[in-house]
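The structure appears below as structure tokens.
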Protein chains: 2
Amino acid sequence: MAICFLSPVKTINLSPFPSITTTRHHPNPNHLRCNFSLTTVTTTEPEPVFTSVRSFAPATVANLGPGFDFLGCAVDGLGDFVSVAVDSSVIPGEISISGISGPEASSKLSADPLWNCAGIAAIATMKMLGVRSVGLSLNLEKGLPLGSGLGSSAASAAAAAVAVNEIFGRKLTQKELVLAGLESEAKVSGYHADNIAPAIMGGFVLISSYDPLELMRLEFPREKELFFVLVSPEFEAPTKKMRAALPAEIGMPHHVWNCSQAGALVASVLNGDAAALGKALSSDKIVEPKRAPLIPGMEAVKKAALEAGAFGCTISGAGPTAVAVIDDEGRGVEIGKRMVEAFQKEGNLKAVAMVKSLDRVGARLVTTVPS
Amino acid sequence: MAICFLSPVKTINLSPFPSITTTRHHPNPNHLRCNFSLTTVTTTEPEPVFTSVRSFAPATVANLGPGFDFLGCAVDGLGDFVSVAVDSSVIPGEISISGISGPEASSKLSADPLWNCAGIAAIATMKMLGVRSVGLSLNLEKGLPLGSGLGSSAASAAAAAVAVNEIFGRKLTQKELVLAGLESEAKVSGYHADNIAPAIMGGFVLISSYDPLELMRLEFPREKELFFVLVSPEFEAPTKKMRAALPAEIGMPHHVWNCSQAGALVASVLNGDAAALGKALSSDKIVEPKRAPLIPGMEAVKKAALEAGAFGCTISGAGPTAVAVIDDEGRGVEIGKRMVEAFQKEGNLKAVAMVKSLDRVGARLVTTVPS
């Protein structure tokens, strides 16, 4: 939903929710001691079961029209990689970011773990595990574009949380990893789990409560096809600006309408009805009408997608990526072309299209090196 | 949701939606010619396949907390019966109400088909079938209390629509019968299908659109148990007053919350998770907080239900009935006792409790007499 840009190193409160304070006392500014108040989950300090691990976490589409702020899903074959290694040169209980790669990433992302999505999530995970005797180094490979509305920050955080959990023998549950990832999201875009939860759990995830965190994994039937046409224009849509565009008050008819469409969206997911899913996704009368005009050409792009046969189309996350839904990959490619043309013609924006299926796995271990 | 009280006979427009006009020209004031603009669905006029039929339609619980105005469900073993017979004494194309029975019903309900929920729905169904050559008499047996929030008017309308459809050989679909029943609901409580749709279709029904009407039947898994504890106090909660209590504008946080709970409610139904269903049903932050204070003792009744182990509790329809959810009939009886006590103690209201399971069938034919 948002990204961590380079910022000065300082002691901060990472989130207004679970209170976190940090202490610096190492000559390397990229080292950070875990010293905050997230609950330690394990009773005894775990030992690493691998020397190093590499993990992957997928891109995510949040908001999903009437699913605004509580529903998101993961998309396959697009995401970030994180490698984590036991590193004796890092002070025990601390973490160091050893490298960041990927287009734009090395210049725009901070190598300070306090200001890097992967770093914040890794620290939170170490804290929950109660790691005090081992230092880790972390390498981030960005596969996702920054600030595109595809859950770039969540993918980094999810991959990091999973990597740290795996290197210590997978002691934490997915929900605990979501809580760790939320520390990162809270820092960059607010305490919203609609990217981080599907990035970690895969598939569609509904956040039904934050206090306590309650997540519902919605299973789109495996025998059914579902493709997302993701069209990203060269345009910056800052999350803060997109959030400021939201109405403070909503009339009862629009509230009832969006609630009914949220219900229809959830039912369509569980029933594996891609057409009804697209229709519900496309039906938002509250958020999309306020945000679409801020992305040049978006309304024409949606129209083009629907005319080309898409079941539905809306803004992915806070934008600027447009997401359309279809049940056939080939038709998805055609729809993507029409959407790119519309961005060019009506918004004067260059755009790229991708057709991706649903990721049903979420953040995962990719490779390991045994201890 | 509301009831048809006795009113003077006059020519009226039955609904602001599909425009309906009626013409009277028969000495019997309970006869009515079908002469309105609902689309005739059958291409040739159907002939009756039975001399008479008797149908049943169940009670319904609408609103369901965050499912306000778009979600309802049917409850088993409680409802209205309608008998319809070919009657040569009735002018062809017209209908006559021959009798109304049930506690309070004969004194409070009109025998004028223009002002009776069953009559209006029967007329609408005849119109859709294109019946011009046969007159019918209709007998209504009210099993439901009037104005209790259990879909009394919808049950009468549903039973009548199904009876007329069955006597002419079942030419109409369930959706068409819902449209016929909506003519009646529009007259008495507004163009809302959250009672009439589940009364006709059974189970849980989500109304995702009115123009055109689109209905989603949500299947609660058959192997799972679900019981409704229905507690009706001796108190009148007029639908108009309850609707006037609603807020005109809703803040974004409450909107997002209720949307997420609507999604959770739908997912719980489809997953057969009675506990999550109850929790979501109980979570409304918009409608219930405004309406509950208008029903003496309601807040205490909800508290008593939850303390007694109910998974959730809210107002059924526009009230005054309280509905709690549980997965065990015996525990439902205990919960009902606690709720009745709370109505007495905190609201100074006498109340009766029933424990009912989900009706999965909807309005149905009960008996027939062949032609």
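Of the residues in region B:252-282, how many are under 23 Å from A:Glu219 (Cβ atoms) and outside any loop (DSSP other than H, G, I, E, B)? If you could, list the steps in order and put the result at the bottom.
Filtering region B:252-282 down to residues under 23 Å from A:Glu219 (Cβ atoms) leaves B:259-281.
Of the ones still in play, those that are also outside any loop (DSSP other than H, G, I, E, B) are B:259-271, B:274-281.
The qualifying residues number 21.
May I ask you to list the residues in region A:288-305 that are assigned to a helix (DSSP H, G or I) and of a type in the set (A, V, I, L, M, F, W, C)?
A:Ala292, A:Leu294, A:Met298, A:Ala300, A:Val301, A:Ala304, A:Ala305, listed by residue number.
Say whether the condition of being more than 14 Å from every other protein chain (Cβ to nearest Cβ), basic (Lys, Arg), within 20 Å of A:Gly149 (Cβ to Cβ) and in contact with a Phe, Trp or Tyr (Cβ under 8 Å, 6 or more places away or on another chain) is met by at least one residue in region A:107-121.
First, pick out the residues of region A:107-121 that are more than 14 Å from every other protein chain (Cβ to nearest Cβ): A:107-121.
Then keep just the ones that are basic (Lys, Arg); that gives A:108.
Next, from what is left, pick out any that are within 20 Å of A:Gly149 (Cβ to Cβ): A:108.
Retained after the next criterion (residues that are in contact with a Phe, Trp or Tyr (Cβ under 8 Å, 6 or more places away or on another chain)): A:108.
Yes, there is a match, as at least one residue in region A:107-121 is more than 14 Å from every other protein chain (Cβ to nearest Cβ), basic (Lys, Arg), within 20 Å of A:Gly149 (Cβ to Cβ) and in contact with a Phe, Trp or Tyr (Cβ under 8 Å, 6 or more places away or on another chain).
I'm trying to understand the selection: among the residues of region B:86-141, which are of a type outside the set (A, V, I, L, M, F, W, C), open to solvent by less than 20 Å² (accessible area, probe 1.4 Å) and touching a residue at least 60 places away in the same chain (Cβ under 8 Å)? Please lay out each step first, then the result.
From region B:86-141, those of a type outside the set (A, V, I, L, M, F, W, C) are B:87-89, B:92-94, B:96, B:98-99, B:101-104, B:106-108, B:110, B:112-113, B:116, B:119, B:125, B:127, B:130, B:132-133, B:135, B:137, B:139, B:141; that's our starting set.
Those left that are additionally open to solvent by less than 20 Å² (accessible area, probe 1.4 Å): B:93-94, B:96, B:99, B:110, B:112-113, B:116, B:119, B:125, B:130, B:135, B:137.
Within region B:86-141, B:Gly93, B:Glu94, B:Ser96, B:Ser110, B:Asp112, B:Pro113, B:Asn116, B:Gly119, B:Gly130, B:Gly135 meet the criteria.
How many residues does region A:262-286 contain that are open to solvent by 10 Å² or more (accessible area, probe 1.4 Å), closer than 24 Å to B:Pro247 by Cα and not acidic (Asp, Glu)?
2
Given the conditions (1) touching a Leu at 6+ places or on another chain (Cβ under 9 Å); (2) in a helix (DSSP H, G or I), which single one is not true for B:Val323?
Unmet condition: (2).
Check every one of the helices (runs of 4 or more DSSP H) wholly within region A:159-251 and list those with 3 or more residues that are at pLDDT below 95 and either touching a Cys at 6+ places or on another chain (Cβ under 6 Å) or not assigned by TED's automatic domain parsing to the domain that holds A:Ile123 (or both). Walk me through it before giving the result.
Numbers: elements: A:174-188, A:196-201, A:239-244.
Where helices (runs of 4 or more DSSP H) fall fully within region A:159-251 and carry at least 3 residues being at pLDDT below 95 and either touching a Cys at 6+ places or on another chain (Cβ under 6 Å) or not assigned by TED's automatic domain parsing to the domain that holds A:Ile123 (or both), they are A:239-244.
Does A:Lys224 qualify as being open to solvent by 20 Å² or more (accessible area, probe 1.4 Å), over 22 Å from the mean Cα position of the chain (by Cα) and within 14 Å of chain B (Cβ to nearest Cβ)? Reasoning before the result, please.
Values: open to solvent by 20 Å² or more (accessible area, probe 1.4 Å): yes; over 22 Å from the mean Cα position of the chain (by Cα): yes; within 14 Å of chain B (Cβ to nearest Cβ): no.
Considered against the rule, which asks whether it is open to solvent by 20 Å² or more (accessible area, probe 1.4 Å), over 22 Å from the mean Cα position of the chain (by Cα) and within 14 Å of chain B (Cβ to nearest Cβ), A:Lys224 comes out as no.
Just one of the numbered conditions (1) within 13 Å of another protein chain (Cβ to nearest Cβ); (2) in a helix (DSSP H, G or I) is not true of B:Lys285; which one?
Unmet condition: (2).
Considering each of B:Ala74, B:Ala57 in turn, give the residue that is more than 14 Å from chain A (Cβ to nearest Cβ), under 15 Å from B:Leu365 (Cα atoms), touching a helix residue (DSSP H, G or I) at 6+ places or on another chain (Cβ under 6 Å) and open to solvent by less than 10 Å² (accessible area, probe 1.4 Å).
On the way: B:Ala74 fails: under 15 Å from B:Leu365 (Cα atoms).
Result of the check over B:Ala74, B:Ala57: B:Ala57.
Say we look at region B:142-184 and pick out the residues that are surrounded by fewer than 23 Cβ atoms within 10 Å (Cβ to Cβ) and among the small types (Gly, Ala, Ser); which of these is farthest from the chain's Cα centre (by Cα)?
B:Gly169
Going by the structure shown, is A:Val369 modelled with pLDDT under 95 and surrounded by fewer than 24 Cβ atoms within 10 Å (Cβ to Cβ)?
yes
All but one of (1) in contact with a His (Cβ under 6 Å, 6 or more places away or on another chain); (2) surrounded by 19 or more Cβ atoms within 10 Å (Cβ to Cβ); (3) not polar (S, T, N, Q) hold for A:Lys187, so report the exception by its number.
Failed condition: (1).
Restricting attention to region A:351-371, report how many residues are out of contact with any strand residue (DSSP E or B) (no Cβ under 7 Å at 6 or more places or on another chain) and not β-branched (Val, Ile, Thr).
Here the count works out to 1.
Of the residues A:Glu219, A:Glu249, which is more than 8 Å from every other protein chain (Cβ to nearest Cβ) and open to solvent by 10 Å² or more (accessible area, probe 1.4 Å)?
A:Glu219
Do the conditions hold for A:Gly312, that is, is it of a type outside the set (Lys, Arg) and at pLDDT below 95? Give the derivation first.
On the way: of a type outside the set (Lys, Arg): yes; at pLDDT below 95: no.
So A:Gly312 fails the test.
Looking at (1) open to solvent by less than 20 Å² (accessible area, probe 1.4 Å); (2) in contact (Cβ under 8 Å) with a residue 24 or more places away in the chain; (3) within 14 Å of chain A (Cβ to nearest Cβ), can you tell me which one B:Ala322 breaks?
With (1) open to solvent by less than 20 Å² (accessible area, probe 1.4 Å); (2) in contact (Cβ under 8 Å) with a residue 24 or more places away in the chain; (3) within 14 Å of chain A (Cβ to nearest Cβ) applied to B:Ala322, the lone miss is (3).
Which of the residues that make up region A:199-216 are over 18 Å from A:Ala267 (Cβ atoms), away from every other protein chain (no Cβ under 11 Å) and open to solvent by less than 50 Å² (accessible area, probe 1.4 Å)?
Passing the criteria: A:Ala199, A:Ile200, A:Met201, A:Gly202, A:Leu213.
At pLDDT below 75 and under 20 Å from the mean Cα position of the chain (by Cα) - does that describe any residue in region B:8-15?
There is at least one residue in region B:8-15 that is at pLDDT below 75 and under 20 Å from the mean Cα position of the chain (by Cα).
The values are calculated or read from the model by the stated rules, or taken from the named source; none is laboratory data. All figures in this text were calculated on a predicted structure; none of them were measured in a lab. Every residue, glycine as well, gets a Cβ built from its backbone with ideal geometry; the counts of neighbours run over all protein chains shown. We work out accessible area using only protein heavy atoms, side chains counted, and drop any ligands, DNA or RNA first. Shrake-Rupley method; radii C 1.70, N 1.55, O 1.52, S 1.80 Å.
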